[in-house]
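The values are calculated or read from the model by the stated rules, or taken from the named source; none is laboratory data. Treat the numbers as computed from the prediction; the structure is a model and nothing was measured. Here Cβ is always computed from backbone atoms with ideal geometry, including for glycine, and neighbour counts include all displayed protein chains.
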């Protein structure tokens, strides 16, 4: 992809992506960065217990390098929140999200795109990033459906989010890292509705703190 226009180019929707890979899948960083965050925050033994509980010890030894089944990632998240105290699990998930955001910025946003974002006023940069997130949602939402709105506040909706966890802290951290780096440093992301609580979609609001 070349520049911001390339980043916003239409990508396959979730259904098409799932069909191409034999079922709904998400990017491998949902696994790789969680493993790294677990090791950093809780140690190698805790990482081993979580991955073993999910039946995914093989991924801890040999991280995946291609799209992975969303069901396996959901199982891994369930193991994380089932084995660790709630606050610890949230901290690990948030760190995994920050690491995922850093990976995206380093490997999926070329210098020309960064320059394009930097040249835009924040409202236009925000609209562009929302478009990028929407077009690439199949890589982090699997079978879920992503819509966005420019606001204010800017919003991201993930309907039937298959990777919803308490607080959806992984998603919050990914989005916040991207918006603060590419749009405006003071922006914060809040999680205001969740599929886990019966809402039709997980809702993320992006705005400057009050």
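For residue 127, the conditions (1) touching a strand residue (DSSP E or B) at 6+ places or on another chain (Cβ under 9 Å); (2) surrounded by 21 or more Cβ atoms within 10 Å (Cβ to Cβ) all hold with the exception of (2). Within the stretch 14-27, identify whether any single residue is at pLDDT 95 or above and out of contact with any helix residue (DSSP H, G or I) (no Cβ under 9 Å at 6 or more places or on another chain), and answer yes or no. Within the stretch 14-27 (the criterion being at pLDDT 95 or above and out of contact with any helix residue (DSSP H, G or I) (no Cβ under 9 Å at 6 or more places or on another chain)), the answer is no, since none of the residues qualifies. In the stretch 174-193 there is at least one residue that is free of Cβ contacts under 8 Å to residues at least 24 places away in the same chain, in a helix (DSSP H, G or I) and more than 12 Å from the chain's Cα centre (by Cα). Within the stretch 93-106, identify whether any single residue is buried (at least 22 other Cβ atoms within 10 Å of the Cβ), on the phi < 0 side of the Ramachandran plot and either modelled with pLDDT under 95 or out of contact with any helix residue (DSSP H, G or I) (no Cβ under 8 Å at 6 or more places or on another chain) (or both), and answer yes or no. Checking the stretch 93-106: not a single residue is buried (at least 22 other Cβ atoms within 10 Å of the Cβ), on the phi < 0 side of the Ramachandran plot and either modelled with pLDDT under 95 or out of contact with any helix residue (DSSP H, G or I) (no Cβ under 8 Å at 6 or more places or on another chain) (or both). In this structure, residue 199 does satisfy being outside any strand (DSSP E or B) and closer than 22 Å to residue 81 by Cα. Considering only the stretch 186-199, how many residues are in contact with a helix residue (DSSP H, G or I) (Cβ under 9 Å, 6 or more places away or on another chain) and farther than 19 Å from residue 142 by Cβ? Matching residues across the stretch 186-199 total 5.
Against the definition (touching a helix residue (DSSP H, G or I) at 6+ places or on another chain (Cβ under 9 Å), surrounded by fewer than 19 Cβ atoms within 10 Å (Cβ to Cβ) and without any contact (Cβ under 8 Å) to a residue 12 or more places away in the chain), how does residue 72 come out, yes or no? It is false that residue 72 is touching a helix residue (DSSP H, G or I) at 6+ places or on another chain (Cβ under 9 Å), surrounded by fewer than 19 Cβ atoms within 10 Å (Cβ to Cβ) and without any contact (Cβ under 8 Å) to a residue 12 or more places away in the chain.
Listed by position, the helices (runs of 4 or more DSSP H) enclosed by the stretch 49-160 that each have at least 2 residues that are more than 18 Å from residue 177 (Cα to Cα) are 57-61, 70-83, 86-107, 111-119. Looking only at the stretch 54-67, decide whether some residue is crowded, with 19+ Cβ neighbours inside 10 Å and touching a strand residue (DSSP E or B) at 6+ places or on another chain (Cβ under 6 Å). Yes: the stretch 54-67 contains one or more residues that are crowded, with 19+ Cβ neighbours inside 10 Å and touching a strand residue (DSSP E or B) at 6+ places or on another chain (Cβ under 6 Å). Being under 15 Å from the mean Cα position of the chain (by Cα) and surrounded by fewer than 22 Cβ atoms within 10 Å (Cβ to Cβ) is a description that applies to residue 165.
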